[in-house]
Amino acid sequence: MLCGSRERFKYLPLCKCFMVKGQPVLATFWRRFFAYIFDSVFLTFLLLAPLLHPFEEGFSEASLSETFSTAFDSHYIFFTLVIAFFVLVYWSVLECWLGQTLGKMIFGISVEGTKKKPLSYLQTVIRNITKVSIVLLFFDTLYMLAKKNNRRFFEVLSDTQVVQEVGNE
């Protein structure tokens with residue numbers, strides 16, 4: 001399934017120009033890092049805000065120890081899987097439809113395919129699958145730093161790259 005072109009979203013403040021002499025300008029590590037931090041904080045508030053409501057009334061020491069003693073029961077595992085699903089959907093859907101997440105919009109970077117075709121949903125899922133686990137993301141980012149090509153391993157697998165606006169380097 002192809003997500004289509006960005007023409008449907010002309011009214012959105014998408015990045016303007018990503019090419020210099022016909023070549024894409026790959027986004028810098030720090031620009032990508034800060035966009036990721038912004039998106040992570042946004043997702044944390046979005047997903048965890050409803051769960052903080054029970055703590056408004058306070059909690060006792062007994063309820064705290066009870067919470068930690070049952071931390072790895074089936075409810076915890078289910079809840080973790082639901083959060084991982086929503087995290088993956090956030091990054092994948094926004095990158096597929098808009099080429100950007102909110103953090104990428106703010107930092108002037110965008111995702112594109114290396115084969116100059118519209119991104120498919122499968123491509124965006126593959127490139128973002130490591131974001132559900134900090135350990136996987138660490139090794140994926142380590143690949144990018146070791147190769148010094150500003151592309152994570154799963155971006156290479158998915159034929160995608162992150163580019164930045166020309167003039168905002």
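The table below gives the values:
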item	result
Taking LEU122, LEU137 and counting other C-beta atoms within 10 Å, the order from fewest to most	LEU122, LEU137
Computed lengthening from PHE34 to LYS147, 0.36 nm per intervening residue step minus Cα-Cα distance	38.6 nm
Rough spin-label spacing in nm, given labels placed 7 Å along Cα→Cβ, for LEU102 and LYS117	3.2 nm
Theoretical gain in end-to-end length, ILE134 to HIS75 [0.36 nm per residue, Cα-Cα removed]	19.1 nm
Cβ-based exposure ranking for ARG151, ARG32, in which fewest neighbours within 10 Å come first	ARG151, ARG32
Net +/- balance of residues flanking LEU88 in space, Cβ distance below 12 Å, scoring K and R +1, D and E -1	+1
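We did not get these values from a lab; they are worked out from the coordinates using the rules stated. In this text, all values refer to a predicted model and were calculated from it rather than measured experimentally. Cβ: placed from backbone, ideal geometry, glycine included. Neighbour counts: every protein chain shown.
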